[in-house]
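Asker: Below: one structure in structure tokens.
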Amino acid sequence: MKWQMHYLVHFDMDVLEPSEIIPAVGVVQDGLKMTEIVRIINDVNDAVEIDALTVAEPMPRTAINLKNMLSGIRIFGE
């Protein structure tokens, strides 16, 4: 029986450079540029076949702040 390898890439968005985009809850100063992320994932896919890609923390701070603000408005909850 021959084993087949499966590869999953997990991309956590809080590693991105905040001067380009702040897509996540966390921020890393001097993070990776979006072009670097694309290159890295493409380089991995050139070496092995990626079967799946997950993306974590795609939550802009603006959406969190808006949700928090709206939760204080009575028509949305109490």
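The values are calculated or read from the model by the stated rules, or taken from the named source; none is laboratory data. Remember, it's a predicted structure, so these values are computed and weren't measured experimentally. Cβ coordinates were reconstructed from backbone atoms using ideal geometry, including for glycine residues, and neighbour counts include every protein chain displayed.
Asker: Within region 33-62, count every residue that is more than 15 Å from the chain's Cα centre (by Cα), part of a helix (DSSP H, G or I) and either under 20 Å from E17 (Cβ atoms) or of a type outside the set (D, E, K, R) (or both).
Answerer: Summing the residues that are more than 15 Å from the chain's Cα centre (by Cα), part of a helix (DSSP H, G or I) and either under 20 Å from E17 (Cβ atoms) or of a type outside the set (D, E, K, R) (or both) in region 33-62 gives 7.
Asker: Let me ask something additional. Give the residue that is modelled with the lowest pLDDT, with candidates limited to residues of region 1-20 that are under 15 Å from A56 (Cβ atoms) and either touching a helix residue (DSSP H, G or I) at 6+ places or on another chain (Cβ under 9 Å) or not charged (D, E, K, R) (or both).
Answerer: So the residue we want is M13.
Asker: A further question follows. Please verify whether D30 is in a helix (DSSP H, G or I) and either surrounded by 11 or more Cβ atoms within 10 Å (Cβ to Cβ) or at pLDDT 85 or above (or both), treating the condition exactly as stated. Lay out the reasoning, then the answer.
Answerer: Details: in a helix (DSSP H, G or I): no; either surrounded by 11 or more Cβ atoms within 10 Å (Cβ to Cβ) or at pLDDT 85 or above (or both): yes.
No: the conditions fail for D30.
Asker: Suppose we keep only residues that are in contact (Cβ under 8 Å) with a residue 40 or more places away in the chain and among the hydrophobic types (A, V, I, L, M, F, W, C) within region 46-61. Which one would you say is farthest from M34 (Cα to Cα)?
Answerer: V48
This table checks each residue for (1) surrounded by 12 or more Cβ atoms within 10 Å (Cβ to Cβ); (2) among the β-branched types (V, I, T).
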| position | (1), (2) |
| --- | --- |
| M34 | yes, no |
| V38 | no, yes |
| I41 | yes, yes |
| V44 | yes, yes |
| V48 | no, yes |
| L53 | yes, no |
| M59 | yes, no |
| M69 | no, no |
| I75 | no, yes |
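Asker: Shifting gears a bit: Test L53 against the criterion of being touching an Asp or Glu at 6+ places or on another chain (Cβ under 9 Å) and at pLDDT 90 or above, and give yes or no. Steps first, please.
Answerer: Details: touching an Asp or Glu at 6+ places or on another chain (Cβ under 9 Å): no; at pLDDT 90 or above: yes.
Spelling it out, it is not the case that L53 is touching an Asp or Glu at 6+ places or on another chain (Cβ under 9 Å) and at pLDDT 90 or above.
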